[in-house]
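The values are calculated or read from the model by the stated rules, or taken from the named source; none is laboratory data. Because the structure is a prediction, the values reported are computed rather than measured. Methodologically, a virtual Cβ is constructed for each residue, glycine included, from the backbone with ideal geometry; neighbour enumeration extends over all protein chains shown.
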Amino acid sequence: MKNYYFILQISIHAREADIKRAYRRLALLYHPDRNSSIDAAEKFREITEAYEALSDPVKKFLYDQMLAGDSTEIVVEQNSTTTHRDPRYRPRPNAEPLHHRPSARRQMLELMDRHLSKAIFISKVTLFFCSVLSLDFVLPVSKNSERVMGIYTIGGKYGSSFKIETSKGKSYRMSTNSLSYFTNFDDVKICTTPILSVPKRIETGSGFKHRLPISIYGNFIFFPIIWLITSLFGVFYKETVEMRFNLGVANFLLIFFNLIIFYISK
């Protein structure tokens, strides 16, 4: 059996507009009046045959089932000419003459296609936020002078750490490797990002710079990176409906993960 999708050079999940666009492009390329090659006429005939099968919804559905080897059940209305004995009898209205019972996967793909625009919108919104995060990360930091008012050791399951409290009532947690660089009543500079004011590092008067690990730009930076990648694919990847829809769902879930990490960073 011929693979019409291969002939038109499109994906099996291509929409009607993609099918028309592929047909026009290939028809212009292989039309006998434009192409003088020996096999141009045969190629044009195959392209036309593929388009006629895939442009009609009913023919496309039947072809997809045959291509997938799915024995989809088809119910055809039977027209009866038998006259009922009761002249007042009226038969119940039947369904369409040709009624398809698509598989669960096809129903899911149709649902994805109906809501694809919403998924793409979510990906565009998340890409905007990722752009803001990227810009906030690369721009020069703002430095605010504060004084260390307290140093406290914190024990934990995976090792001890310590935190410092500053004159503005904020606390910052750090590893014990940097403990010797901080003392009470020292003046330090809190380096925050210029747009979202996320603390990135602390600088002491002696020039020591300590990166804050518990931050969206610290140990959790892989979350924004993954978010950026999925957002880019969700907006610019146009091969299949299923992939773009799933990327939109993934971006929606990553919104909450990154908001939680952003709240912890602040």
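Worth pointing out:
- Condition check for Ile154: modelled with pLDDT of 90 or more, aliphatic (A, V, I, L, M) and within 15 Å of Ile214 (Cβ to Cβ): no
- In the stretch 184-196, of all residues being surrounded by 14 or more Cβ atoms within 10 Å (Cβ to Cβ) and out of contact with any Asp or Glu (no Cβ under 8 Å at 6 or more places or on another chain), the one that is nearest to Val148 (Cα to Cα) corresponds to Asp186.
- Check on Ala104, exposed (fewer than 11 other Cβ atoms within 10 Å of the Cβ), within 22 Å of Glu239 (Cα to Cα) and at pLDDT 85 or above: no
- Every condition in (1) small (Gly, Ala, Ser); (2) under 30 Å from Lys59 (Cα atoms); (3) at pLDDT below 90 is met by Ser117 except one, and the failing one is (3).
- Residue list for the stretch 235-259, restricted to those being over 23 Å from Arg106 (Cβ atoms), under 9 Å from the mean Cα position of the chain (by Cα) and β-branched (Val, Ile, Thr): Val235
- 1 or more residues polar (S, T, N, Q) and in contact (Cβ under 8 Å) with a residue 24 or more places away in the chain: qualifying strands (runs of 3 or more DSSP E) within the stretch 160-266: 161-166, 171-175, 187-192
- Those residues of the stretch 14-47 which are surrounded by 15 or more Cβ atoms within 10 Å (Cβ to Cβ), more than 27 Å from Met243 (Cα to Cα) and hydroxyl-bearing (Ser, Thr, Tyr), in sequence order: Tyr30
- Scanning the stretch 55-78 for residues that are surrounded by 13 or more Cβ atoms within 10 Å (Cβ to Cβ), hydroxyl-bearing (Ser, Thr, Tyr) and at pLDDT 80 or above turns up at least one hit.
- From the list Arg211, Arg201, Arg147, the one residue that fits, being out of contact with any Pro (no Cβ under 6 Å at 6 or more places or on another chain), more than 27 Å from Met108 (Cα to Cα), surrounded by fewer than 15 Cβ atoms within 10 Å (Cβ to Cβ) and basic (Lys, Arg), is Arg147.
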